[in-house]
Structures are given as C-alpha cells and as structure tokens.
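Notes follow once the structure below has been shown.
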Amino acid sequence: MVLTAGCIIEPMREADIPEVQAVEREVFLTPWPRNAYHRELASNHAARYLVLRRGEAILGYGGLWRVGEEAHVTTIGVRRQEQGRGYGSVLFAALLSSAYELGARWVTLEVRASNDVAIRLYERFGFKVMGRRRGYYSDDGEDAIVMWSDSLHAPAFKARFRRLLATLTVVGTGDPPSMEYPVR
Ligand SMILES: CC(C)(COP(=O)(O)OP(=O)(O)OC[C@H]1O[C@@H](n2cnc3c(N)ncnc32)[C@H](O)[C@@H]1OP(=O)(O)O)[C@@H](O)C(=O)NCCC(=O)NCCS
C-alpha cells in the first residue's frame, strides 16, 4: 500500500531543481552536473521530467527522453528514508505513462548490475534484461544491465501496466493505455 495522502506527480519545474539535486546527492554516487537539469527543462523538448511531491516536499523524481521510437529512462530516485513504500513504482508508472504520451514504442534503461531493488521494480512492470555493458559506470567501473520493455502496444504488456496502475492512487500517475490497438 502506497502512502498516498497528499501525494502528487507533477512536471519538474525550475524551482524544484535544488531539491531534486538534494535527493540525487542522497541516492546516487555521481550526481548530474549542476546545470544538467536546467538545460534539460529549458531546451530538451523530447524529455519529460517529473517529481513526486507530498505537500511541499519532493520525495522522488524521474525522467526520460524520447529518441525515435524509443523512450530512454534517464534517471529515477526516491529519498532514502522514503524508499520501499511504493513511491519508486509510482514514479516509474508515471514515466511509462509519459512514454505512451510521447508516442514511444519501446522503453529502455540502464541499471547498475548490483541494483537488485531497481531491477526487480522494472521486472514487475514487464521489463526484461537484454544485455550488459561492461564497465559502463565511469565512477567505479560497475557493469550496466540493459533492460527493455516489450512493445508498449503488446496486449500483455498493456494489461500488466493497467493492473499495476490500478493499484496506484497517486494523482498524476497517468491514465491507463487503451487496450485497443494501436490506440494509446
Ligand atoms: C530504485 C528506487 C527508485 C526504487 O524506489 P522505491 O520507492 O524504493 O520503490 P518501491 O517501494 O516501489 O519498490 C521497492 C521495493 O519496496 C517494496 N515495497 C513497496 N511498497 C512497500 C511497502 N509499503 N512496504 C514494504 N515494502 C514495500 C516493493 O515490493 C519493492 O520490493 P522488492 O524489491 O522486494 O520487490 C529507489 O530505491 C532509489 O531511489 N534508489 C537509488 C537510486 C537508484 O538506484 N535509481 C535507479 C537507477 S536505474
């Protein structure tokens, strides 16, 4: 059960960036360069960045880019003390909804090979491990696992996503994709 009282998913705004960076420093070994979020919000029209807010506080954030028919999840993080309560699932669902809205056909991401929690989360949404990039993370040389969704139009993938969405009650997570093909 996600603790949803007062929670909402919203597009990330300029004013959110300092708090997003504070969350990022808490959960990532190597945060993005200082200006990266400003640049993304100002000029990357193929990108979507979201925050999960409870009251005034940002509990987590995530982003993706659309590249051709693919959407690449670029980042997702939840405050350390708020992890394990379903917020990561809420954010990931919202990113998937964004991928549908952007007209992507597949979603892909890289994740540290040791990041079991994140890998399990993505697997719950039907993502599969499709490859490994050796020494991908330059800070410590860890391998990346490359994961892909099935086609976002595949009935089984959509049905699974709809079931998961139905368990999440945070405002702004997105509407379930239509089961009609190829309507999103
Ligand atoms: C990966 C990450 C975003 C997941 O966020 P999260 O909020 O912890 O995710 P969830 O709570 O939705 O799911 C994580 C686990 O908590 C469990 N969980 C969810 N709600 C729960 C609850 N109310 N009580 C107990 N456990 C719960 C889930 O079942 C899941 O367990 P599992 O891994 O055994 O299946 C978060 O751990 C994080 O920020 N990590 C650091 C940054 C990172 O690694 N990002 C990913 C880069 S690819």
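Some points to look at:
- Answer residue from the range 7-26, given it is acidic (D, E) and either in contact (Cβ under 8 Å) with a residue 40 or more places away in the chain or out of contact with any strand residue (DSSP E or B) (no Cβ under 6 Å at 6 or more places or on another chain) (or both) and is farthest from V90 (Cα to Cα) among those: E14
- Check on Y136, on the phi < 0 side of the Ramachandran plot, among the hydroxyl-bearing types (S, T, Y), more than 9 Å from the ligand (Cβ to nearest atom) and touching a Lys or Arg at 6+ places or on another chain (Cβ under 6 Å): no
- Yes/no for R120 being more than 14 Å from the chain's Cα centre (by Cα) and either more than 7 Å from the ligand (Cβ to nearest atom) or not aromatic (F, W, Y) (or both): no
- Members of the range 53-69 found to be away from the ligand (no atom under 12 Å from the Cβ) and under 14 Å from the mean Cα position of the chain (by Cα), listed by number: W65, R66
- Failed condition for A46, given (1) touching a Phe, Trp or Tyr at 6+ places or on another chain (Cβ under 8 Å); (2) of a type in the set (G, A, S); (3) closer than 25 Å to R160 by Cβ: (3)
- Residues of the range 129-184 satisfying the condition of being surrounded by 11 or more Cβ atoms within 10 Å (Cβ to Cβ), more than 18 Å from L95 (Cβ to Cβ) and of a type in the set (K, R): R132, R133
- For G86: the one exception among (1) more than 26 Å from V23 (Cα to Cα); (2) within 17 Å of the chain's Cα centre (by Cα): (1)
- Lone qualifier among G126, G84, G103 - being within 7 Å of the ligand (Cβ to nearest atom) and either touching a strand residue (DSSP E or B) at 6+ places or on another chain (Cβ under 8 Å) or among the small types (G, A, S) (or both): G84
- Residue match in the range 125-132 (condition: within 12 Å of T108 (Cα to Cα), within 20 Å of the chain's Cα centre (by Cα) and among the basic types (K, R)): yes
- Selection within the range 87-99 - within 6 Å of the ligand (Cβ to nearest atom) and touching a strand residue (DSSP E or B) at 6+ places or on another chain (Cβ under 9 Å): Y87, G88
Quick note: the coordinates plus some simple rules give every number you see, no bench work behind them. Predicted model only: the values in this text are computed from it and were never measured. Quick reminder, even Gly has a Cβ in these numbers, built from the backbone with ideal geometry, and neighbours come from all protein chains shown.
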